[in-house]
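What follows is a set of notes on a single structure, which appears directly below.
A short reminder: the numbers here are calculations on the coordinates, not readings from a lab. Here the structure is a predicted model, which means the values were calculated and not measured. Here the Cβ positions follow ideal geometry from the backbone for every residue, glycine too, while neighbour counts run over all protein chains shown.
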Amino acid sequence: VPVWRRCSTCKKEIMTGQTYYVCSVSTCNSRSTQYVFCSVACWDAHVPVERHRGDSAGAIEKKAPLTVEPDKPVEGKRRVVPGAPNKAASSESDDDILVVASKIRKYINDKSGMNVSASLYEALSEKLRGLCEMAIESARADGRKTVMDRDVL
Ligand SMILES: [Zn+2]
Ligand SMILES: [Zn+2]
């Protein structure tokens, strides 16, 4: 079994397909940190080091992928593609996430120390789509071809 990654606390190998743990605190999952733990005990050990607030930190159980993937982020590549102006592409992007998840998570975490569920980004995107549609209507009613700040006020 190939080694997937190493535990951030005890440096023990985490094999592909093995159960491991990540921290629920966003700073422990940023691209530069990306802590992974072989056990809850190892996750526990990093909490005092990182000085997490007791109620905001949690261990999340995950399963290591069955294959060792190359390190480069695949999704970053996909997002670079400029939105084609054809109908198919625009309807496809209808349930896209419109918000910058990392920024929202950081904002909420900084303000409150609370965690953010992934479903929040979907709900926020849904709200934004609604706002955008209202703004489009407002601009249209005004005879403009440009949607402006005043259209969402
Ligand atoms: Zn460990
Ligand atoms: Zn942590």
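Can you compute the modelled spin-label distance between A45 and K11, with each label point 7 Å from Cα toward Cβ, in nm? Here the modelled spin labels are 1.1 nm apart. Among S32, S125, S119, sorting on how many other beta-carbon atoms sit within 10 Å of each Cβ, with the fewest leading, yields S32, S119, S125. Distance check, please: which entries in K63/K103; K103/K127; K11/K62; K62/K111; K111/K145 exceed 29 angstrom between their Cα atoms? Pairs exceeding 29 Å: K111/K145.
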